[in-house]
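Have a look at the structure below, then the notes.
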């Protein structure tokens, strides 16, 4: 009987459904927001004082947040700037793929109709020697496991 070892959370790849994207645009140091939940609605039944009925309504997904060292030449950042500066929003699919030790896909999460919501960089500070980090926040309709 083989022993199961859970996958590591540091070996992953991020891909965008954008044209002319370079290899550096797939490298991120952190991905956050992989979660899903059901919203609920409460219903008070007349005469029933012991409990409130809770009914599932719809799925809800938090924003996808991607962090990496600042890229000077980035197709992804151009896509974000086009959306924010010109309000030319071009939704695309974003894939986050968990990799095994042989760099093969274990599980892929597809974020459908993702669009840029926010872009920011870490604070500039002359007293630290840290890398400048850019954060990309994306809204999307839903995600699924492929």
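The values are calculated or read from the model by the stated rules, or taken from the named source; none is laboratory data. This is a predicted model, so every value here is computed, not measured. As a convention, Cβ positions derive from the backbone with ideal geometry for all residues, glycine included, and neighbour counts pool all protein chains shown.
Taking (1) at pLDDT 95 or above; (2) loosely packed, with under 13 Cβ neighbours inside 10 Å in turn, residue 14 satisfies each apart from (2).
Scan segment 15-33 for residues that are more than 20 Å from residue 117 (Cα to Cα) and either part of a helix (DSSP H, G or I) or in contact with a strand residue (DSSP E or B) (Cβ under 9 Å, 6 or more places away or on another chain) (or both) and jot them down. Selection gives 23, 24. Beta carbons closer than 6 Å, at least 6 apart along the sequence or on distinct chains, pair a first residue in segment 21-50 that is farther than 30 Å from residue 11 by Cα with a second that is modelled with pLDDT under 95 and in a loop (DSSP other than H, G, I, E, B) for 42/52; 44/52.
Here are the criteria: (1) under 16 Å from the mean Cα position of the chain (by Cα); (2) farther than 28 Å from residue 41 by Cβ; (3) at pLDDT 95 or above. Tell me which single one residue 82 does not satisfy. Going through the list (1) under 16 Å from the mean Cα position of the chain (by Cα); (2) farther than 28 Å from residue 41 by Cβ; (3) at pLDDT 95 or above, residue 82 breaks only (1).
Scanning segment 17-59 for residues that are at pLDDT below 90 and over 26 Å from residue 108 (Cα atoms) returns 45, 46, 47, 48, 49. Taken over segment 63-89, the residue count meeting the criterion of being assigned to a loop (DSSP other than H, G, I, E, B) and either within 30 Å of residue 8 (Cβ to Cβ) or touching a residue at least 40 places away in the same chain (Cβ under 8 Å) (or both) is 6. Of all residues in segment 51-62 being in a strand (DSSP E or B) and without any contact (Cβ under 8 Å) to a residue 24 or more places away in the chain, which is nearest to residue 114 (Cα to Cα)? It comes out as 58. Being surrounded by 15 or more Cβ atoms within 10 Å (Cβ to Cβ) and out of contact with any strand residue (DSSP E or B) (no Cβ under 6 Å at 6 or more places or on another chain) is true of residue 77.
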